[in-house]
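Okay, structure first, notes after.
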Amino acid sequence: MSTGSPARPSCSLSSAQLAQRRQALIPGLLERAEQVTDLDEGLRLHFKHRPGLLAELAAVIEQEQVCCSFLRFQLSIEPGAGPVDVEITGPAGTREMLRSL
């Protein structure tokens with residue numbers, strides 16, 4: 001029986017792999033977001049609508065499910081050409097892990 005605290009969430013990519021693929025993963029989204037807001041256990045990324053944004057977000061989410069399978073993604077898409085929000089959440093420590101990327 002383990003009495004230690006649960007492990008902090010972490011990406012399974014090495015530092016070198018993350019650096020090489022940075023723009024195609026969450027760190028690239030953080031850089032391109034219009035606004036990033038802290039949530040209790042994650043982040044909300046706010047984007048202005050633009051052509052190709054949804055496909056870009058879907059590609060990142062698909063890749064992230066491989067290396068960070070503990071993450072939960074929720075998209076909020078406003079009607080027409082309205083803004084898009086992506087909430088990325090997970091277990092305790094997720095917000096800090098995302099901010100450290």
Among the strands (runs of 3 or more DSSP E) confined wholly to region 25-101, which include 2 or more residues that are under 10 Å from the mean Cα position of the chain (by Cα) and either of a type outside the set (Val, Ile, Thr) or farther than 23 Å from Pro9 by Cα (or both)? 42-47, 72-77
Return the total of residues in region 30-55 being in contact with a Gly (Cβ under 9 Å, 6 or more places away or on another chain) and farther than 17 Å from Gly82 by Cβ. 2
Result of the Cβ filter at 9 Å on region 31-43, keeping first residues that are small (Gly, Ala, Ser) and partners that are part of a loop (DSSP other than H, G, I, E, B), at least 6 apart or interchain, is Gly42/Leu71; Gly42/Gly90
Residue satisfying condition, being of a type in the set (Gly, Ala, Ser), more than 22 Å from Glu96 (Cβ to Cβ), surrounded by 12 or more Cβ atoms within 10 Å (Cβ to Cβ) and at pLDDT 85 or above, within set Ala59, Ala55, Ala24: Ala59
Cross-chain or 6+ apart pairs with Cβ under 7 Å, region 46-58 first and more than 13 Å from Leu29 (Cβ to Cβ), then in a loop (DSSP other than H, G, I, E, B) and at pLDDT below 95: His49/Ala81
For Ser76, indicate whether it is surrounded by fewer than 16 Cβ atoms within 10 Å (Cβ to Cβ), closer than 16 Å to Asp38 by Cβ and free of Cβ contacts under 8 Å to residues at least 24 places away in the same chain. no
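The values are calculated or read from the model by the stated rules, or taken from the named source; none is laboratory data. Note that this is a predicted model, so its numbers are computed, not measured. Neighbour counts are summed over all protein chains in view; Cβ atoms, including those assigned to glycine, are modelled from backbone coordinates with ideal geometry.
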